[in-house]
Amino acid sequence: MPYGATEGLMKSLMRLSQLDLPVPDHTHMSRRAGEISVKIPRRPRKGPTHVVVDSTGLKIFGEGEWKVRQHGVGKRRTWRKIHLAVDETTKDIIGIEVTTADWGDSEVFPRLLDQVEGEVSQVSADGAYDTKGCHAAIADRDARATIPPRDGAVPWGDDHPRDGILEEIAAKGSAGWKNDSDYHRRSIAENMMYRLKQLGDSLYSRTFERQVTEAHVRAAIINTFTYLGMPQSVGVGQSAPAA
């Protein structure tokens, strides 16, 4: 919520609860957001982690899509990129970086992977992460890289693990490699982006520091919801397995 709406909501809750407690005004909330350190809840890993990564953009300051189409992108219209690392098994956020739109996914990836605690068994990402820097960061964690090489990719030589991916794709085809390598599990990261945007596709804060705080608060909310319980999807005509 924007800070003004948050102030109004909290005052309404205090009245409904018949509590005489002070509520900070929206200006105070905004200033505090630039200083607060958000602790994102993370449960300990029970074993090696299969990390899936992706990024998405959130609008700030917001201009209407019609205006953009008619007059082009205004100087105030811009985006913030949210980079997430997600545990493929537990489906919680285990790494987050917030950048301007000028930063490429591969540039941010090493910092994102550094946030992942414990042993990493595999990292799955799309072709935007097909760089030597990303592969080196994954190798430093003794993990397996599941990143599809870009179109027209050539071997890097020196028995680089990426060359093995090229050989597997040549032998099995792209679909066969993706199936055997569990690359399709990267969709967990895409699903997390969808969940993130259910809290809003725009950031309401006006300074970068506060936008980072706002994004971290959203990550904390999502992890809290995840730990409360995830829905169990069952196909039509099938029975849910016993708990």
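The values are calculated or read from the model by the stated rules, or taken from the named source; none is laboratory data. Note that the structure is predicted; figures quoted are calculated from it, not measured. Note that each Cβ is placed from the backbone with ideal geometry, even for glycine, and that neighbours are counted across all protein chains shown.
Name the single residue that is nearest to R185 (Cα to Cα) among those in segment 157-170 being part of a helix (DSSP H, G or I) and among the acidic types (D, E).
Let us first name the residues in segment 157-170 that are part of a helix (DSSP H, G or I), namely 161-170.
Still in the list and also among the acidic types (D, E): 163, 167-168.
Values: D163: 22, E167: 21, E168: 18 Å.
That would be E168.
Do you know which of the residues in segment 1-52 that are among the polar types (S, T, N, Q) and farther than 30 Å from I138 by Cβ is surrounded by the most Cβ atoms within 10 Å (Cβ to Cβ)?
As a first pass, look at segment 1-52 and keep what is among the polar types (S, T, N, Q): 6, 12, 17-18, 27, 30, 37, 49.
If we keep only those that are farther than 30 Å from I138 by Cβ too, we end up with 6, 12, 17-18, 27, 30.
On the way: T6: 15, S12: 11, S17: 9, Q18: 6, T27: 11, S30: 18.
Result: S30.
Does any residue in segment 115-127 that is over 10 Å from V51 (Cβ atoms) come within less than 6 Å, Cβ to Cβ, of a residue that is assigned to a loop (DSSP other than H, G, I, E, B) six or more places away or on a different chain, and which pairs are these?
G118/R45; E119/P48; G127/P148; G127/R150
Identify, please: which residue in segment 171-199 is outside any helix (DSSP H, G or I) and out of contact with any helix residue (DSSP H, G or I) (no Cβ under 8 Å at 6 or more places or on another chain) and is, among those, nearest to T6 (Cα to Cα)?
Step one: filter segment 171-199 for residues outside any helix (DSSP H, G or I), giving 182, 198-199.
Now drop any that are not out of contact with any helix residue (DSSP H, G or I) (no Cβ under 8 Å at 6 or more places or on another chain), which leaves 182, 198.
Values: D182: 42, Q198: 17 Å.
If we take residues in segment 171-199 being outside any helix (DSSP H, G or I) and out of contact with any helix residue (DSSP H, G or I) (no Cβ under 8 Å at 6 or more places or on another chain), then Q198 is nearest to T6 (Cα to Cα).
So how many residues does segment 13-35 have that are of a type outside the set (S, T, Y) and not in a helix (DSSP H, G or I)?
Going through segment 13-35, the residues of a type outside the set (S, T, Y) turn out to be 13-16, 18-26, 28-29, 31-35.
Adding the requirement that they be not in a helix (DSSP H, G or I) leaves 18-25, 34-35.
The number of residues fulfilling the criteria is 10.
Of these, V154, V116, which one is surrounded by fewer than 18 Cβ atoms within 10 Å (Cβ to Cβ), β-branched (V, I, T) and outside any strand (DSSP E or B)?
Details: V116 fails: surrounded by fewer than 18 Cβ atoms within 10 Å (Cβ to Cβ).
Being surrounded by fewer than 18 Cβ atoms within 10 Å (Cβ to Cβ), β-branched (V, I, T) and outside any strand (DSSP E or B) holds for just one of V154, V116, which is V154.
In segment 39-80, which residues are assigned to a loop (DSSP other than H, G, I, E, B), modelled with pLDDT under 90 and of a type in the set (A, V, I, L, M)?
V73
Exactly one condition in (1) under 16 Å from H50 (Cβ atoms); (2) within 14 Å of the chain's Cα centre (by Cα) is false for V98; which is it?
(1)
Can you tell me how many residues within segment 190-223 are more than 12 Å from the chain's Cα centre (by Cα), among the β-branched types (V, I, T) and closer than 21 Å to P41 by Cβ?
Counting residues in segment 190-223 that are more than 12 Å from the chain's Cα centre (by Cα), among the β-branched types (V, I, T) and closer than 21 Å to P41 by Cβ gives 4.
Among I138, I147, I93, which is under 12 Å from the mean Cα position of the chain (by Cα) and either among the hydrophobic types (A, V, I, L, M, F, W, C) or closer than 18 Å to H50 by Cα (or both)? Outline the logic, then answer.
Details: I138 fails: under 12 Å from the mean Cα position of the chain (by Cα); I147 fails: under 12 Å from the mean Cα position of the chain (by Cα).
Only one candidate qualifies: I93.
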